[in-house]
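What follows is a set of notes on a single structure, which appears directly below.
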Amino acid sequence: MPHIICLAKQVPDPETPASQFRVDEAARKVLPAPGIQPVPSQFDTIGVEAALRIKDKEPDTVITVLRLDDR
């Protein structure tokens, strides 16, 4: 039985205007824009979709999604 592990992380919404982003240069981090919720990384979403396509072809496949977080 195949087992696929996908990593997933929330990122700042790429549709947010650049003027709303702030950078903490000391910590080298992008600060969240007020009132804007983070979204799943589009690359991670593509990985999960690929895993689901494999599962469609091989129904006994197990998919595990691990959430990455910097907290």
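Rule-based calculations on the coordinates, nothing more; no lab input. What you see is a predicted model, and the numbers here were worked out from it, not measured in a lab. FYI the Cβ positions are ideal-geometry reconstructions off the backbone, even for glycines, and counts take in every protein chain you see.
For region 1-26, give me each residue that is assigned to a strand (DSSP E or B), out of contact with any Pro (no Cβ under 9 Å at 6 or more places or on another chain) and either exposed (fewer than 13 other Cβ atoms within 10 Å of the Cβ) or among the aromatic types (Phe, Trp, Tyr) (or both). First the steps, then the outcome.
The initial filter retains those residues of region 1-26 that are assigned to a strand (DSSP E or B), namely 3-11, 22-24.
This time we only want the ones that are out of contact with any Pro (no Cβ under 9 Å at 6 or more places or on another chain), so: 3-7, 23-24.
The answer is HIS3, ILE5, VAL23, ASP24.
Among the residues making up region 30-52, those that are free of Cβ contacts under 8 Å to residues at least 24 places away in the same chain, more than 9 Å from the chain's Cα centre (by Cα) and surrounded by 10 or more Cβ atoms within 10 Å (Cβ to Cβ) are VAL30, LEU31, PRO32, ALA33, ILE46, GLU49, ALA50, LEU52. If you go through region 1-29 and keep only what is charged (D, E, K, R) and touching a residue at least 60 places away in the same chain (Cβ under 8 Å), you end up with just LYS9.
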